[in-house]
1. Using the Cα atoms of region 49-254 to build a convex hull, what is its mean projected area in square nanometres?
2. Take the alpha carbon gyration tensor of region 150-257, find the square roots of its eigenvalues, order them as a ≥ b ≥ c, and report rounded if a/c is under 1.5; if not, report prolate when a/b exceeds b/c, else oblate.
3. Post the alpha-carbon centroid distance, region 186-257 to region 67-122, in whole angstrom.
4. Distance in nm between label sites at residue 51 and residue 123, each 7 Å beyond Cα in the beta-carbon direction?
5. Counting other beta carbons within 10 Å of each Cβ, put 120, 208, 248 in order, fewest first.
6. When a footprinting reagent is the concern and you count Cβ atoms within 10 Å, what order do 65, 176 take, fewest first?
7. Quick one: grab the alpha carbon gyration tensor of region 52-135, order the square roots of its eigenvalues as a ≥ b ≥ c, and give me rounded if a/c is under 1.5, else prolate or oblate depending on whether a/b is larger than b/c.
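Values in this text are rule-based calculations from the coordinates and carry no lab data. Just so you know, these numbers come straight off a predicted model, no measurement behind them. Here the Cβ is made from the backbone with ideal geometry for all residues, glycine too, and neighbour counts use every protein chain on show.
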């Protein structure tokens, strides 16, 4: 009898464990954690970084609010003779059209869209996403004379529909693998140390146009990475345009053959 009771208890425990496992797998499958679960995903991913043997990286700045630091950032890029990217929201581009034109005309900044109204775009339907992308791209092109082909989702928030719609609009969706945390108000030296330590070949670095200490940290980051042998290119120069795959980490890899 005691044996039977123990056996029933073991079966009940095993059944409970199985139920929890199934629930866990379902939960993982319904969240972004599925991207890295079992090192594979059926979801579409943006480009977080690029697989390259070359010591080259890309600096990128998101611009949604304010422009009082923008020209200071441009001056630093010119001083160090490097290139970078700006992802701008449509309403920012309209409000600071002259500043955006200076960035584009400098020859040092590649402009991409950051949506038109800075919404959580994974919550929008396909038509609304298309409107956001096409409207912002049209605004940018009207100011710079160049049609953007890069897109970064506000808040880094995306889903399959967003990426597929961006592709249909001729846009590569770009994420990042190194977050400067300038949006958190991190001090310049701490920020620079984090970026320099985390950056690797093909990294895309996230910064913000209005970060409290971004302007102070930027020279430290540039000098630190240059001392490690890195060069700075635009994202458009860094990524592969075709014949590539994106692995479960978001790394873009050139396909063989």
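1. The orientation-averaged projected area of the Cα hull of region 49-254 comes to 10.4 nm².
2. Note, shape of region 150-257 comes out oblate.
3. With region 186-257 and region 67-122 each reduced to a Cα centre, they are spaced 17 Å.
4. 3.6
5. 120, 248, 208
6. Taking fewest neighbouring Cβ atoms as first place, the list is 65, 176.
7. oblate
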